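Read the figures in this text as sums done on the coordinates, not as results from a lab. For clarity, every value in this text was computed on a predicted model and none was experimentally measured. Cβ coordinates were reconstructed from backbone atoms using ideal geometry, including for glycine residues, and neighbour counts include every protein chain displayed.
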2 protein chains.
Amino acid sequence: MGVTNLPVSPLAPKSFPELPEVGGVELTTFALGLYSGTSRDDLLVVHFPNGAAPGGVFTTSSTRSADVDWCRSALKSSEVRARALVVNAGNSNAFTGQAGIEKNRATTAAVVGLAGCLDTNVFLAATGVIGEPLPPTRVADGVRAAWPALGMPNWEKAANAIRTTDTFAKASGATTEIEGRAVNIVGIAKGSGMIAPNMATTLNYVFTDAPLSAKAAQALIARYCDLTYNCITVDSDTSTSDTLMLFATGASGGETIYDPDDPRLEGLRTKLHAVLKDLALQIVRDGEGARRLIEINVIGAADDHAARVIGASIANSPLVKTAMAAGDANWGRIVMAVGKSGEVVERDSLAIWFGDHQVAKDGARAPDYSEAKASQAVSGELVRVRVDAGVGDGQATVWTCDLTEGYVKINGAYRS
Amino acid sequence: MGVTNLPVSPLAPKSFPELPEVGGVELTTFALGLYSGTSRDDLLVVHFPNGAAPGGVFTTSSTRSADVDWCRSALKSSEVRARALVVNAGNSNAFTGQAGIEKNRATTAAVVGLAGCLDTNVFLAATGVIGEPLPPTRVADGVRAAWPALGMPNWEKAANAIRTTDTFAKASGATTEIEGRAVNIVGIAKGSGMIAPNMATTLNYVFTDAPLSAKAAQALIARYCDLTYNCITVDSDTSTSDTLMLFATGASGGETIYDPDDPRLEGLRTKLHAVLKDLALQIVRDGEGARRLIEINVIGAADDHAARVIGASIANSPLVKTAMAAGDANWGRIVMAVGKSGEVVERDSLAIWFGDHQVAKDGARAPDYSEAKASQAVSGELVRVRVDAGVGDGQATVWTCDLTEGYVKINGAYRS
């Protein structure tokens, strides 16, 4: 298994973003050498010298990694607190049985010795090939070697260290205020294939110096995950390692806020949502082989959940995605995907738009349908699809990418 | 929209099968000209001079075609009986609103005039592009033109007339006996993409001269559909026109049998199951771009339904299917697909085999894992995957094909 050497996605942001500093966060990266034939960094170590309130959502996969098991359990400890985060790429530590548990034990023990904390203060993640045993002390040894270099975050290095088939480093940041004090948010993410979030997806870490309790951090990350990460899909495949975590250090000062709906958090809520949406869409923009970003807006469904299911049925349809790859305004395949969703749809009042052009109305082709206008609407880097299910007031927006020959090539060539 | 000119699937049977005669069935084919630039036959007209007992299962899509609506309703009429079947390719008559209903009205009226029967004795189907209005009398005119040529079935012409992106004509037949009388079964099918059956798939017609009541025909077609068509997938997309029907003419003689479990039908049940399985697998063998047929056998699930869901999760995973396309023994993706299925799985006793080689055992890579043996097992035209979920006694077998660049090419080039 080598590192991938894929061209950068044409949908990638022009450059790595400018990001704020986040108080209370130190980090460093290191090369464990899990990718043969390259010296790339594949280990990220984050230290919270004064701790952080953690919140997290994880894959619902029943074959989830030992790291996911560890984090879920650590978040349930009586005095939940984060002191460190250790993430490696190159091996997912999923489906590795006892060896996976031993790797985690050795890694947390190393951090406990270095940071002087409880093992439940250490959060872990791993991404890469599934089912390959990893020597138990490989990551622990790396953490010990890397630890002295901890310091001011280099976010770009951090985002690069957790990449697998990603063609670009993903990060997003924002600044807001709480009671007049500046508060910063930075998130990093990885993900390109095996993307169909269910509670969370891929590896994603958001850091803020806002003073949040662990319960508030948990409530906020879950709420905005549901509107962002849980609304994207590249290929309908759900990872065994999906993790989205928020760490709130409180270094901005001010009293700890316990209620996620506290009016003082209004700015933070808006910006956190924006950062998560930006990261989630970067993952879709880096979808394996992607050439178009597709935004699917469903209205008129029985309820919001039904709208999400209909949107996902369209977003996961190989026939819709291959038509989009070809720039073919094949709206009949949208009809098919809506029909197979299992949700209540009023066929004879169903309406569909490509961009602003209505292609279907009242259960048939729209009277003013124009093949030229419909084709134009699916020819760019961003394609907008809108569906009115004709039943109720439920709505949702789901994002995906097209399915190109590149996806097949990448996934036949790389054992990820 | 032109006819496809794709090379024949490498998984196709060597030749069109030898088929028995089925008493009480006349048919002919005709060129409506729905495929521009070709003179291929695209209309199939079947006549049952003495009628037939019909049974059918149909797509569960909420955007199903007007033809599916018609057949479902005709099967509910008080004295259900078939006198004719009219199938066109080149236009699915789905999502065509009032125009779709008018096409059906004109077509049944034409048959009523020619055959001297009730309109509810006429069964209809259409396949091809979705959402393109079809002039209402186009098919009716074709039926009138074709009717005088009705005669002894040419099954190969019939199977060819209903093809869309299919690269070969699909048929299967068998002979058995009931109380010493020879009974014949012949089925024809079409399907290559938009294949993820849910109650039925694609267009599939089975004819027998066995003397069955309509209720027995209905019970038998539903039972074996569930074990064959409902266990295949090419691309997880469910068609708006899925139809599987059985017509039993009774021309073999003998008294009508009303109980599907009547001991006299034992031979017929076995052969009908075999014919349906053969047809269903021919559809997978003609999966768009397919180079390998993949048989997924799930055991040890909570129940048979859970086993089916786990099997479908594997069979529909783009990451599993692209790895198979590359002949990559990437069993970690099987672990992922099992994990995302939503069914109960005992991760730490999960076991997986490729062919006869065990690749995973007790929730980790099998001790005797051999990359060479695993690769060998996924390198041929037939790949067998076996999963033991480690929970109970439920089992199921599901069939699919690999996902190649050919699938993307075909579905970007052809508006089907």
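Would you mind calculating the gained length between A:Glu26 and A:Thr60 on full extension (0.36 nm times residue separation, minus the Cα-Cα distance), in nm to one decimal? Spell out each step's value before the answer.
On the way: separation 34, 0.36 × 34 = 12.24 nm, distance 3.01 nm.
That works out to 9.2 nm of additional length.
So for chain B: antiparallel DSSP bridges make up what percent, rounded to the nearest 5? Don't jump to the answer; show the numbers that get you there.
Working: 49 of 71 bridges.
So the antiparallel bridges amount to about 70 percent of the total.
What nm distances, shortest first, do you get from the label point of B:Leu118 to those in the other copies when the point sits 7 angstrom along Cα to Cβ?
Copy-to-copy label distances for B:Leu118: 7.5 nm.
Sort the protein assembly as shown into rounded, prolate or oblate with this rule: let a ≥ b ≥ c be the square roots of the eigenvalues of the Cα gyration tensor; rounded if a/c is under 1.5, and if a/c is not under 1.5, prolate when a/b is larger than b/c, oblate otherwise.
Here the protein assembly as shown falls in the prolate category.
Please give the FRET efficiency for A:Ala99 paired with B:Asp393, using the beta carbon to beta carbon distance and R0 = 41 Å, rounded to the nearest 0.05.
Values: r = 30 Å, r/R0 = 0.74.
Here the calculated transfer efficiency is 0.85.
Hey, what do the phi angles of segment A:223-233 turn into as Karplus ³J(HN,Hα) couplings, whole Hz, using 6.51/-1.76/1.60 and θ = phi - 60°, x for Gly and Pro?
4, 7, 4, 5, 8, 10, 4, 6, 10, 10, 8
Obtain the nm distance between the two label points defined at B:Ser15 and B:Asp261 by a simple spin-label model: each point lies 7 Å from its Cα along the Cα-to-C-beta direction.
4.3
Describe numerically, in nm with one decimal, the distance between label points set 7 Å from Cα along Cα→Cβ at A:Arg72 and at B:Leu118.
Distance between label points: 5.7 nm.
How charged is the neighbourhood of A:Gly394? Take every other residue with its Cβ under 12 Å from the Cβ of A:Gly394, and add Lys/Arg as +1 and Asp/Glu as -1.
After counting each charged neighbour, the total is -4.
Is the shape of segment A:135-179 rounded, prolate or oblate, going by the alpha carbon gyration tensor and its root eigenvalues a ≥ b ≥ c, with a/c under 1.5 for rounded and a/b larger than b/c for prolate?
It comes out oblate by the Cα gyration axes.
Rounded, prolate or oblate: which one fits segment A:293-413, using the alpha carbon gyration tensor with axes a ≥ b ≥ c (rounded when a/c is under 1.5, else prolate when a/b beats b/c, else oblate)?
Since a/c reaches 1.5 but b/c is at least a/b, the shape of segment A:293-413 is classed as oblate.
Going by Cα centres, segment A:251-276 and segment B:41-59 are how many Å apart?
If we compute the Cα centre of each part, the gap is 65 Å.
For a paramagnetic label modelled at 7 Å from the Cα of A:Asp348 toward its Cβ, which residues of segment B:104-127 fall within the zone defined by backbone nitrogen distances under 15 Å?
Output list for this probe position: B:104-105.
Note the full-extension length gain between B:Ser36 and B:Glu179 as 0.36 nm times their separation in residues minus their Cα-Cα distance, in nm to one decimal. Don't jump to the answer; show the numbers that get you there.
Values: separation 143, 0.36 × 143 = 51.48 nm, distance 4.98 nm.
Value of the extension gain: 46.5 nm.
Give me the percent of DSSP beta bridges within the protein assembly as shown that run antiparallel, rounded to the nearest 5.
The answer is about 70 percent antiparallel.
Past 26 Å, Cα to Cα: identify those pairs from A:Lys361/B:Lys340; A:Lys361/B:Lys157; A:Lys340/B:Lys190; A:Lys157/A:Lys277; A:Lys14/A:Lys157; A:Lys321/A:Lys373, in the order given.
From A:Lys361/B:Lys340; A:Lys361/B:Lys157; A:Lys340/B:Lys190; A:Lys157/A:Lys277; A:Lys14/A:Lys157; A:Lys321/A:Lys373, over 26 Å: A:Lys361/B:Lys340; A:Lys361/B:Lys157.
Could you compute the net charge surrounding A:Ile283? Neighbours are other residues with a C-beta less than 9 Å from the C-beta of A:Ile283; K and R count +1, D and E count -1.
Numbers: positive: A:Lys170, A:Lys190, A:Arg285; negative: A:Asp166, A:Asp286.
Neighbour charge sum, excluding A:Ile283 itself: +1.
Which of the GluC sites (Glu not before Pro) across segment B:325-416 are loop residues per DSSP, with 14 or fewer other Cβ within 10 Å? Show your work: numbers first, answer last.
On the way: sites: B:Glu343, B:Glu346, B:Glu371, B:Glu381, B:Glu405; in loops: B:Glu343, B:Glu346, B:Glu381.
Passing sites in segment B:325-416 are B:Glu381.
Treat each spin label as a single point 7 Å out from the Cα along the C-beta direction, and report the A:Ser370 to A:Lys215 distance in nm.
Taking the two extended label points, one gets 5.7 nm.
For chains B and A related by rotation, which residue of B has the Cβ nearest the axis, and what is the rounded distance in Å?
Smallest Cβ distance to the axis, with its residue: B:Glu405, 2.
So the label point sits 7 Å from Cα along the Cα-to-Cβ vector; using that for B:His305, what distances do you get to the other copies, in nanometres, sorted shortest first?
Sorted ascending, the copy-to-copy spacings read 1.7 nm.
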